[in-house]
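One structure is given here, and the rest of the page talks about it.
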4 protein chains.
Amino acid sequence: MMKTCIVGASGYTGAELAALLAKHPGFELAALFVSQGSQDAGKLLSDLYGRFTGLLDMPLQPLSQDRLTQLATEYDLIFLATPHEASHEWAATLTAGKAVVMDLSGAFRLKDKDIFARFYGFAHEQPALLQDAVYGLADWHGEKIRQAKLVAVPGCYPTASLTALKPLQVCGLLDEQQWPVINAVSGVSGAGRKAALNSSFCEVSLQAYGVLGHRHQPEISAELGRQVIFTPHLGNFKRGILATVTVKVKAGVTASQVSDAYASAYQSNPMVRLRSSWPKIDEVAGTCYCDLHWKLDENSGHLVVTSAIDNLLKGAAAQALQCANIRFGFAPESGLAEKAL
Amino acid sequence: MMKTCIVGASGYTGAELAALLAKHPGFELAALFVSQGSQDAGKLLSDLYGRFTGLLDMPLQPLSQDRLTQLATEYDLIFLATPHEASHEWAATLTAGKAVVMDLSGAFRLKDKDIFARFYGFAHEQPALLQDAVYGLADWHGEKIRQAKLVAVPGCYPTASLTALKPLQVCGLLDEQQWPVINAVSGVSGAGRKAALNSSFCEVSLQAYGVLGHRHQPEISAELGRQVIFTPHLGNFKRGILATVTVKVKAGVTASQVSDAYASAYQSNPMVRLRSSWPKIDEVAGTCYCDLHWKLDENSGHLVVTSAIDNLLKGAAAQALQCANIRFGFAPESGLAEKAL
Amino acid sequence: MMKTCIVGASGYTGAELAALLAKHPGFELAALFVSQGSQDAGKLLSDLYGRFTGLLDMPLQPLSQDRLTQLATEYDLIFLATPHEASHEWAATLTAGKAVVMDLSGAFRLKDKDIFARFYGFAHEQPALLQDAVYGLADWHGEKIRQAKLVAVPGCYPTASLTALKPLQVCGLLDEQQWPVINAVSGVSGAGRKAALNSSFCEVSLQAYGVLGHRHQPEISAELGRQVIFTPHLGNFKRGILATVTVKVKAGVTASQVSDAYASAYQSNPMVRLRSSWPKIDEVAGTCYCDLHWKLDENSGHLVVTSAIDNLLKGAAAQALQCANIRFGFAPESGLAEKAL
Amino acid sequence: MMKTCIVGASGYTGAELAALLAKHPGFELAALFVSQGSQDAGKLLSDLYGRFTGLLDMPLQPLSQDRLTQLATEYDLIFLATPHEASHEWAATLTAGKAVVMDLSGAFRLKDKDIFARFYGFAHEQPALLQDAVYGLADWHGEKIRQAKLVAVPGCYPTASLTALKPLQVCGLLDEQQWPVINAVSGVSGAGRKAALNSSFCEVSLQAYGVLGHRHQPEISAELGRQVIFTPHLGNFKRGILATVTVKVKAGVTASQVSDAYASAYQSNPMVRLRSSWPKIDEVAGTCYCDLHWKLDENSGHLVVTSAIDNLLKGAAAQALQCANIRFGFAPESGLAEKAL
């Protein structure tokens, strides 16, 4: 059993990670940490998440600076479900020992430091770590993940978007000129577990935000290798993301070619499902899958593909665990596939 | 036109009041105030409530101490949609001139000072005002409201509960021994417009709270003249209250007697509707009505009545305006009935 | 007072029309009709819509063939809130007298008979009427509407989409090559008042449908004068549409030009609001407005505009009434603007 | 491995059962059946429930009369997730061989044939089976269930209500005179998977129904051994039941006594959780637990207890499986407890 802990375990993503790890055959969830000043320090995880009563009555331990330095030698695997700033600050310490680190924040996702500074509001000061960090799009970068010391687990929107777009890009089917248009709607849990007026029950209602400037746009573009237009929306549901991607394909591209592109990418992939109908949010919420369905108008060369994930699972915790599975030699779907049952 | 203003206009109740007054034929909405330190001071009401764009582009003016003292002579009618503490502190000043004050807070609802202190957490220091304040249950206390200087507009739960219970009590149909059981579910807007974890979108889910100790229990009991058991719940909807009231009637009471009790109370009342089916929240949300339906088991003497209101309207703003209509000689339903269309 | 009736009054759109007409200063709502075999025939409108109890206790009269032939001479104005097939069949009879007809179905929206047959599944057999019918996009076709005998009130999605796109097209700002991409999410009421598994509460969840083949696509294209990609989605809310439109503008087009295009189209329009923030569904639900907000990336020439309406109001009943206002010489916003209060 | 099948597998309860059985270590889910005329016959379960794609791609086999007679000898365990009428008709055949039958319908819950006929609308014609059927309240009747041939799995409301009330009754704490008052709110899935206007998305809104006459009232009373008042409500959520139970205790009963009553009933029970705060629906939705919390006013002798379950799980499928666990010698919580993770 690999010894693991979660830093930042009080948030929605941390809690999902804890639940996944508690059932995993190969990882032992040994400790949960929160930042030292957190008002949740000392509580049980099940105090915050009543559904875990009797199952995850583990304390949320405050993480002192001293304790922090010990983690790297104490654990085989550390999940960082922390704010960008904390991950940026702590990653060097946490990777100084035997531990492998899965960082669920945005601190190590963007290789370009200028773009990072523009979209995250502070300068990156860990150039070597940033250089070595592996982008943890688990269904695509298994080989690199297998060697990684620090994995930058992708954002929720990029996971949904890239799962839809990469097969088309890799197979050279996309028109050179037109930028893919990604419209995505996320459940409110994407905003995290916190008191905020704009995520209060009475204020939430379907709305675009971060238009032509969201930090997940450069993440998608960098990984895809081409520009995209990405428009996120807040939806009135708790969890899930539906991304609707509209692209122009090259002249003459057929449905059969598109079908082959997706099949070659995902046919034998246990965590991406090529669906025969348009996926609903509720069909993936609470699961670790990414569901895809598409339609091509061969006459005009327009292709629409929708991609659905649970933002907290495939868009965060489950993808982090999928990376960990790969890194430690378990089957990628270990502890993940049966979540849908 | 009576000159009116709203103090505490940035909250959900204040906004509803503004909308009602803007269409009212007899009241002129001349100003909106917020507390001096409010972060909303200087904004337009439509900045906070996008739906009012172009209709209520009125500024939220910070209310200084100086300005406060002028209101009593400047306005005919002042609505206080403020916290209990503010209403308690300001009511004396605001009633010192010609103005009539409609207080939507709990500051003047409980005549018993000991009970007040126990349920509101501070001692009442306005005994004379408290004595003179009229409890603004508009469908029942028209005569007193017509003379009032200060009206304590009832809470949302008491409005729903009392509208259901008073006809039975007044007609002497209730069993002497058994306490009426009130179970009520409120929409989240009852918690006000604010950032709070327990009213954040992802945390809200049907749940009891304030069991055997909510401050609306003594308010109901005092007005009804007998003890009740009141159990409030938070529901996963934005607005509305459904109160389900279960009572034991005296031996031999018939359905016909119950029917007469409700008919005599509300048959000619424009704002209470005796429905022929069980009311839904959505049938009253956005309206100024209280809808009632009941069923009696003559064998066992148990009666169940459900009462539905919009917590922000009949449970707050619309009832305040109904009181104002009565106080200033308009028809009680003026500016209210057509809201449902 | 113009004498009006609604045919097909039992559906969600018919009910909204009834509510709007009941408050309108210039139209008298004299009768509500349903098809002869309807199970709602003989009921009151308020039996179906409890919120209208006491306000719209009007009977739903079964419409016999005999009665149908009288309507054209009996009424000044007839609203058809009927299925496409019924409107197609009845329009000739209803326009044979003095009555002006507002048809809310799709029967007369598409001038091209081949496209009509392909998307509606039957051949159009009223060529003359189809030729003369005026497309009732009320904010754009006032002059023609003023003369119309039969108005084809636009679909809900086209209203949201065209309100966003027409100013750009009219001012010649759109790139010639790239097709505008319209992603729209509709509330479930768009599916009508009926028992159906896919609109049952437990089955509804955000999902695309009708991809690259919805009948509103040719309607938008025909009116806009260029091809578009239109992807509708079902959302988990009762009413409202949010359309997110992504376009490429011509090289060199500036934000100032876009601003001018929208201002010249809507600055003095009472029913379209140019918002300063991204509109939410809840800000237009229950109102008769279309709310717009946009952002241009001048570097890449991509523009995103979102458009929000209530699908049952601006997307149906309110637009029909706006057309009627124009047709009978009332202000376009008469009986509509104050709905938001 | 015990060989099992589900009859009536296309409904919400059947689908939940399939998911639970697919992960269970001791039961093999060998077949899914639907009635012969079902429009779902021949489809895969995952065609109806997209979330099960790749996990439960099992066909829904039409159940002919011939096939029906074979089941009793072919299977060790049969789950009947069928309408009352079908269970009533088929139970004799299905119990004629080695198979144990878990019936999730109401066909065998009420021992009194007169009451059955009144509440179910037809005469019971299986008196012997009815006599022998064991009421499957799994946390209470383990001994009888261990011997049962036919288990009548309780209704969802009775499960929530009885779990709250039985400890008080068993310990003799309830006042003799006053009837317990049960107010319960159920998610819409309780109405089953079907097209119906009153469970369509736009029509659902919190509302009482079946007042003083719901068929679950006599079921609760019979099992509890005393009369109760039971008022069900439909809530605007997909799954879960919250029952709020208000009782009068005998004079002098203390909180300590109540605490002991609940502890002795459930302290070592793996599927009932005595919570330290008021349970929310979302804390039990998707889990197999019943969560309880209570408060006593020692002065007045009133006790309020709330009980929360997932109506499809603890209120149906999970309780059926808990009974099966007991019947076949597995731990009661086998395959159930970890569902919450």
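The values are calculated or read from the model by the stated rules, or taken from the named source; none is laboratory data. Since the model is a prediction, treat every value here as computed from it, not as a measurement. Methodologically, a virtual Cβ is constructed for each residue, glycine included, from the backbone with ideal geometry; neighbour enumeration extends over all protein chains shown. Protein only, heavy atoms only, side chains kept; ligands, DNA and RNA dropped before computing areas. Shrake-Rupley method; radii C 1.70, N 1.55, O 1.52, S 1.80 Å.
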- Taking Cα atoms only, helix C:255-266 is inclined relative to the longest principal axis of chain C by an angle, in degrees rounded to 10, of 20
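Rolling a 1.4 angstrom probe over the protein heavy atoms, how many square angstrom per residue are accessible across segment B:222-337? Could you put the intermediate results ahead of the total?
Details: 3310 Å² over 116 residues.
Per-residue accessible area for segment B:222-337 comes out at 29 Å².
Work out how much length A:E89 to A:E338 would gain on full extension: take 0.36 nm times their residue separation and subtract the Cα-Cα distance, in nm to one decimal.
On the way: separation 249, 0.36 × 249 = 89.64 nm, distance 3.54 nm.
Result: 86.1 nm gained on full extension.
Quick one: if the Förster radius is 30 Å, what FRET efficiency do C:A96 and C:R118 give, using the C-beta to C-beta distance and rounding to 0.05? Don't jump to the answer; show the numbers that get you there.
Values: r = 29 Å, r/R0 = 0.98.
Computed FRET efficiency for C:A96 and C:R118 comes out at 0.55.
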- Take every DSSP beta bridge whose two residues both sit in segment C:141-240, then give the antiparallel share in percent to the nearest 5. 25
- Task: Enumerate the whole-percent occupancy of each 5 Å bin, from 0 to the last occupied one, for all C-alpha pair distances of segment A:156-311.
- Result: 2, 10, 19, 22, 20, 14, 8, 4, 2, 1, 0
- Task: Sequence neighbours fewer than 8 away in the same chain don't count; with that in mind, list the aspartates and glutamates whose C-alpha is under 17 Å from D:K3.
- Result: D:E28, D:E74, D:D76, D:D103
- Task: Could you work out which residue, out of A:D310, A:D112, A:D103, moves most in a Gaussian network model of chain A, that is, has the largest mean-square fluctuation with Cα springs under 10 Å?
- Result: A:D112
- Straight-line reach from D:K250: which aspartates and glutamates have a Cα under 16 Å away, not including same-chain ones fewer than 8 places off? D:D175, D:E176, D:D260, D:D297, D:E298
- Message: Between A:S276 and A:A41, what is the label-point separation in nm under the 7 Å Cα-to-beta-carbon projection?
- Response: 5.6
- Task: Name the residue farthest towards the positive end of the dipole of chain B from the options B:L162, B:L321, B:V101, assuming +1 on Cβ of Lys and Arg, -1 on Cβ of Asp and Glu, about the Cα centre.
- Result: B:L162
- Message: Counting protein heavy atoms only and a 1.4 angstrom probe, how many square angstrom of accessible surface do chains C and D bury in total, to the nearest 100?
- Response: 1600
- Query: Put a dot 7 Å past each Cα toward the Cβ at C:E176 and A:L197; how far apart are the dots in nm?
  - Reply: 4.9
- Note on the structure: Tilt, helix C:318-327 to longest principal axis of chain C (alpha-carbon atoms), in degrees rounded to tens, equals 80
- Query: Under a plain spin-label model, where a point goes 7 Å from the Cα along Cα-to-Cβ, how far apart in nm are B:E125 and D:K144?
  - Reply: 6.5
- Query: Which net charge results when you count Lys and Arg as +1 and Asp and Glu as -1 among the other residues whose beta-carbon is under 12 Å from that of D:D282?
  - Reply: +2
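Please go through the residue pairs A:K339/C:K194; A:K43/D:K280; B:K144/C:K339 and name each one whose alpha carbons sit more than 29 Å apart in this structure.
Numbers: A:K339/C:K194 35 Å; A:K43/D:K280 19 Å; B:K144/C:K339 33 Å.
Listed pairs above 29 Å: A:K339/C:K194; B:K144/C:K339.
For every helix of n ≥ 4 consecutive DSSP H residues, a contribution of -39,500 (n - 2.57) applies; sum these over chain A, divide by its total residues, and give [θ] at 222 nm rounded to the nearest 500 deg cm²/dmol.
On the way: 12 runs with 107 residues, N = 341.
It lands at -9000 deg cm²/dmol.
What percent do you get for the relative contact order of chain B when only Cα pairs under 8 Å and 6+ apart count? Walk me through the numbers on the way to the answer.
On the way: 739 pairs, mean separation 56.6, N = 341.
With pairs under 8 Å counted, the relative contact order is 17 percent.
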- Reduced to Cα centres, the span from segment C:151-221 to segment C:17-90 in Å works out to 27
- For segment D:219-263 the residues that are at least 20 Å² less accessible with all protein chains than alone, 1.4 Å probe, are D:I229, D:T231, D:H233, D:N236, D:F237, D:K238, D:L242, D:T244, D:T246
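Could you state the accessible area per residue of segment B:140-185 in Å², with a 1.4 Å probe and every protein chain left in place? Write down the numbers at each step before the final one.
On the way: 1520 Å² over 46 residues.
With all protein chains present, segment B:140-185 gives 33 Å² per residue.
With all protein chains present, how much of the accessible area of segment B:156-311 (probe radius 1.4 Å) comes from carbon and sulfur, to the nearest whole percent? Intermediate values should be presented prior to the final figure.
Numbers: 2120 of 4650 Å².
The value for segment B:156-311 is 46 percent carbon and sulfur by accessible area.
Report, for chain A, the % of DSSP beta bridges that are antiparallel, rounded to 5.
Working: 26 of 58 bridges.
Looking only at bridges with both residues in chain A, the antiparallel portion is about 45 percent.
Roughly how crowded by other chains is peptide D:300-306, in terms of the mean Cβ count from those chains within 10 Å of each of its Cβ atoms?
Shielding by partners across D:300-306 averages 4.
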